[in-house]
Structure formats: structure tokens, C-alpha cells
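What follows is a short report on a single structure.
We did not get these values from a lab; they are worked out from the coordinates using the rules stated. It should be emphasised that the depicted structure is a prediction, and the values quoted were computed from it without experimental measurement. When we count neighbours, we look across all protein chains shown, and the Cβ atoms used for this are built from the backbone with ideal geometry, even at glycine.
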Amino acid sequence: MFRLDGRVALVTGGSRGIGRAISLTLARAGAEVFVNYARGEAAARETCELIASAGGKAEAVGFDVADTKATEAAVQKIAKDRGRLDVVVSNAGIAIDQLLLRLKDDDIDKQLAVNLKGAIALARAAIMPMMRARWGRLIFVSSVVGEMGNPGQTAYAATKAALLGVTKTIAKEYASRNVTVNAITPGFIETDMTASLPAAAKELMVKATPLGRIGKPEDVAAAALYLASEEAGFVTGQVLRVNGGLYV
């Protein structure tokens, strides 16, 4: 079950954290994975090396999703070179935390450009090869914050909430072409961001999560694998919560 043999996948922000876990998981399931990075080339190549050492196929591809032309060109090249593009995981994102009264226009614009506009541009570029193949999987990595809100993250929450509307709309537009579109909303996950938090803050996260722990990137990756698989072919326009019960 949940095999992706012969499939070609692209994971944006795939060099570390959740993106790396998704890249590794899709590759282990048989997909050839293109690991996107904006600045962390070394980390992306390390992810590819981990995949190769496990017997998988991967290639690092650099572009900033905020640059819509570069995104379109990269997606088109992958689809042309491989003759297909089956799975796209829109994972790249940034968070600039600030209370509303201190939130700058530039901080809002940066998050909108990457988290929302970049995700839409990625989907727009990927939908054509999926339509031609009459098979495709678009997966947006949103956030529990987009559903429940979080102090200091007005702009970030807005972009992640908007992705849910994007997911449902594109799902309706392309269901007739056998392209499914779904979102994942992770809760508190062990990443570089949470690793730098004080112990007291981590303790509060654990207490707020009914399952009593912070999630692992692999928890999110498992959800992405399911949504990318043939077995999830009757699942579209849905939001899969991977949050340990933090928000239900």
C-alpha cells in the first residue's frame, strides 16, 4: 500500500524539517523526488544524498516560490525532462512573528508572497501536466494556526487559512481530470524553529496537545504519503489535521 513507483514528485522547501521528511518518505515509497530550496542548497543536496543512500532517486532544484516566473520555469522543466509531474507538495513557507501593532507592511508582503502567492503559482504551473496525464496530487502544507489562530501570527495565520480556501477551490476545478487537491495542517512539530524555543515554551506546547507530545516531521510526512497515493484517490478538497488533538 501507498506506493509511488514510477511517480515524479516535487517538494518545495524540501531541504529540511517537514519538507525533508516528506521528500524522504515519498522517495522511500518509490517516487523520484525533486527537492526544492530557495537558499539552503547544501541542505537540499544532503537530503538528496540521504535519499540516494537509501536506494532512491532525488535531485535538488533551486528556485524561490515567491518568484512566480522562476517557479513556472522550474516546474515546466521538470515536467518536460521527465515527461510527467505527478505529485506536488507545496511546503515552502516563512513566518515573521509580531504582534499586530508592530506588524510592518513589508513583513505582511513577504509572508503573502511565499506562503500564499507562491503556493498558488506553484499549483498553477503544475496543474497542466497533471491534467494531460489525467492524474495528479496537489498537497498544500498549511498550519493549525490557520484554523485556530495564534497571538503574534496575524499575517502568518492569514496566509495559512487562505490556503484552505485555495485547496477547496482547486479541488472542485480539477476533480474531473482526476487531480486531487488536499491540505495538511500540522500542529506543533519538532523543527529548527521549535528546537530554539525555551524549555518552558515547549512544555506549554506539550500540555496544550492532548496526545502529550510535540509531533515529528515524519508524522506529517506519513499524511503526505497517504494523500499522494493511489489509495487516496477518492479524497479531495479535504484538510488532514496532524496536530495531536490540539485543534479538533
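With kT/(6 pi eta Rh) evaluated at 37 °C and eta = 0.692 mPa s, and Rh the Kirkwood radius from Cα pairs, the range 89-225 diffuses with a coefficient of 204 µm²/s according to Stokes-Einstein. The share of Cα pairs per 5 Å bin across the range 1-133, counted from zero up to the longest distance, runs 2, 11, 21, 21, 19, 12, 7, 4, 2, 1, 0 percent. The length gained by stretching the chain between LYS202 and ALA42 to full extension, at 0.36 nm per residue less their Cα-Cα distance, is 54.7 nm. Note on the chain: lysine pairs with Cα distance below 17 Å, sequence gap of 8 or more or different chains, count 10. Considering all different alpha carbon pairs of the chain, the Kirkwood hydrodynamic radius works out to 18.0 Å. Dimensions of the range 1-48 based on its C-alpha atoms, expressed as ranges along the principal axes with the largest first, amount to 34, 16, 14 Å. With the simple spin-label model, which puts each label point 7 Å out from Cα in the Cβ direction, the ASP97 to ARG82 separation comes to 3.5 nm. Once C-alpha pairs closer than 8 Å and six or more residues apart are averaged by separation and normalised to the residue number of the chain, the relative contact order reads 20 percent. Once both axes come from the Cα atoms, what is the angle between helix 199-208 and the longest principal axis of the chain, in degrees from 0 to 90, rounded to 10? On a 0 to 90 degree scale, this one is about 70.
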